[in-house]
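Undergrad: Questions regarding the structure given below will be posed in turn.
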Amino acid sequence: MPIKRSDSPSPSDDATTPDALLHTGAEHGASAEDLVLATGRDVTPRSLAWAERKLAEEGPAALDKLLP
């Protein structure tokens with residue numbers, strides 16, 4: 001007997017993230033930790049200091065330059 005497979009999810013399988021949980025960060029600004037994580041580096045005192053300097057010099061554009 002063939003296995004019945006449904007490619008379309010049923011209404012009860014809705015895994016959509018609610019809009020209230022989605023954000024881009026634009027409403028809160030980028031933090032030094034955000035900038036460090038966007039570079040793929042570990043969050044350390046040295047990397048946070050680098051990110052804080054970068055944000056002070058370039059503002060939110062520092063993060064925009066790293067993200068596609």
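Undergrad: Each residue of the range 45-50 in turn: what ³J(HN,Hα) in whole Hz from Karplus with 6.51, -1.76, 1.60 and θ = phi - 60°, glycine and Pro shown as x?
TA: x, 5, 5, 5, 5, 4
Undergrad: Could you sort ARG41, ARG53, ARG46 by their accessible area in this structure, using a 1.4 Å probe and putting the largest first?
TA: The ordering from most to least exposed comes out as ARG46, ARG53, ARG41.
The values are calculated or read from the model by the stated rules, or taken from the named source; none is laboratory data. The structure presented is a predicted model; accordingly, all values stated were derived computationally and were not measured. Heads up: the accessible areas ignore ligands, DNA and RNA and are worked out on the full protein's heavy atoms, side chains in. Shrake-Rupley method; radii C 1.70, N 1.55, O 1.52, S 1.80 Å.
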